[in-house]
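Here the structure is laid out as structure tokens; the discussion comes afterwards.
The values are calculated or read from the model by the stated rules, or taken from the named source; none is laboratory data. Please read all numbers here as calculations on a predicted model, not as lab measurements. Reconstructed Cβ throughout: ideal geometry from the backbone, glycine too, with neighbour counts over all protein chains shown. Heads up: the accessible areas ignore ligands, DNA and RNA and are worked out on the full protein's heavy atoms, side chains in. Shrake-Rupley method; radii C 1.70, N 1.55, O 1.52, S 1.80 Å.
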Amino acid sequence: MSGLSGGNVNSRVVDILSGVVPLMKLICLTLIGLLLAHPKTQLVPRATFRLLSKLVFALFLPCLIFTELGESITLDNIVRWWFIPVNVLLSAVIGSLIGYVVVLICRPPPEFTRFTIVMTAFGNTGNLLLAIVSSVCHTKSNPFGPSCHSRGVSYVSFAQWVAVILVYTVVYHMMEPPLEYYEVVEDEGVEIEEIQVENHDISRPLLVEAEWPGIEDKETEHCKTPFIARVFNSISSVSQASLPEVDLVGDESPSPRSLQCLAEPRVMRRIRVVAEQTPVKHILQPPTIASLLAIIIGSVPQLKNIVFGYDAPLSFITDSLNIMGSAMVPSVMLVLGGMLSEGPNESTLGLRTTIGITVARLLVLPLVGIGIVLSADKFGLISTADPMFKFVLLLQYSTPSAILLGAIASLRGYAVREASAVLFWQHIFALLSLTLYIVIFFKLTVDKTVQGMPPI
């Protein structure tokens, strides 16, 4: 009996270490970035971290996505992996509902109601997930068998396009400055000048550009205004007077275009105006383009045989891209360390709401995710026996809020300091929550009989 109990203890220790060690690797990389960028040391200037984030965004991440997803994807896999993008949508919808509960319980300031819901609903399903999967698969004794890294990166990359579409459509409009708050600021001309200077200042927080470099070039005429509220608010004379070229009021001299607009229903016209101001063109960023190219090339066997494989004519190109893609994880964690070195900004969100968002995002939502993924598996909605597939699905519920939300907040000129503070504290406490849930996810997904699972 003592030998049996000793074996159980050793097994538990191994299980715990298998979940802790991958995260410890990432923490070490993050601490190095923090030390390099800390204001007291300043071994590496902030501008260097900005350049590094641009390299990650424009080069390292697209290379990693293209080489791993392109080699793994097939038409059959596209059909079998259908639940991955659906899971991203489910996590966003359920996170929004939980965020609304946080609003009811914590009662944040009225202007931060939508902000609270967004920060609870949308997690980091990109860079951080790739870093966790890469760290888990870095050892030969990983619990997911051979080709662990290739399969994991492919699953995470396959969800990228859904998350990006959500951010540049739903999140972009939800982070619109509240109309009442905007009008108060608008009456004070001096204050609005200060806001504009702050958004273009070179000392803006690193988190603003950590996952969207060059964001200052993406600003449009109406990105920092309550555009939707102005379009649909027919009561406020101020809002109607400042509507930009929306042709809601006909010109004095009718033209073919104005006659066509008059024939169009008012609601449909306003929806069209809002759609025209939605930055869908930003969806085609380098990582998204890499995902689309990988899916297209990987789905056509003739193209795939030319680009991927040891004997492929263009294998030297994919090998070069693979080498550059291997720099993605350490670079991302160094940038994250640089972001955390700046510390949390002063926030008017309130301590209670900040704690509510953090608890809901890091503790409550993962529990709901476990129920959803296990239920989907029980009802046969998950059409693959690969434990890494379920592991990635579970991770999508357990990561802190997406760093990209900080960039959207800066682009919209709304809750920038609050986003910085929430992201800082979430990533600090995520070290504990992710350690706990990774151990739980291993127990739920890894079967000792699948250690020799063949690659996809």
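Just one of the listed residues (Gly33, Gly19) is in a helix (DSSP H, G or I) and either at pLDDT below 85 or within 19 Å of Lys140 (Cβ to Cβ) (or both), namely Gly19. Being closer than 23 Å to Leu404 by Cβ and modelled with pLDDT of 90 or more is a property that does not hold for Ala47.
Condition check ((1) closer than 17 Å to Val171 by Cβ; (2) more than 16 Å from the chain's Cα centre (by Cα); (3) open to solvent by less than 20 Å² (accessible area, probe 1.4 Å)) across all residues:
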site: Gly95; (1), (2), (3): yes, no, yes
site: Cys106; (1), (2), (3): no, yes, yes
site: Phe112; (1), (2), (3): yes, yes, yes
site: Phe115; (1), (2), (3): yes, no, yes
site: Met119; (1), (2), (3): yes, no, yes
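Of all residues in the stretch 318-333, those satisfying the criterion of being under 22 Å from Phe308 (Cα atoms) and of a type in the set (Ser, Thr, Tyr) are Thr318, Ser320, Ser326. If I filter the stretch 64-79 for residues that are open to solvent by 20 Å² or more (accessible area, probe 1.4 Å), closer than 21 Å to Ala376 by Cβ, free of Cβ contacts under 8 Å to residues at least 12 places away in the same chain and under 17 Å from the mean Cα position of the chain (by Cα), do I get at least one hit? No: the stretch 64-79 contains no residue that is open to solvent by 20 Å² or more (accessible area, probe 1.4 Å), closer than 21 Å to Ala376 by Cβ, free of Cβ contacts under 8 Å to residues at least 12 places away in the same chain and under 17 Å from the mean Cα position of the chain (by Cα). For the stretch 353-369, the candidate set comprises residues that are under 20 Å from the mean Cα position of the chain (by Cα) and among the β-branched types (Val, Ile, Thr); within that set, the residue that is farthest from Phe424 (Cα to Cα) is Val368. Here the condition is being surrounded by fewer than 23 Cβ atoms within 10 Å (Cβ to Cβ), among the aliphatic types (A, V, I, L, M), in contact with a Cys (Cβ under 6 Å, 6 or more places away or on another chain) and touching a residue at least 40 places away in the same chain (Cβ under 8 Å); of Leu374, Leu363, Leu340, Leu321, it holds for Leu321 alone.
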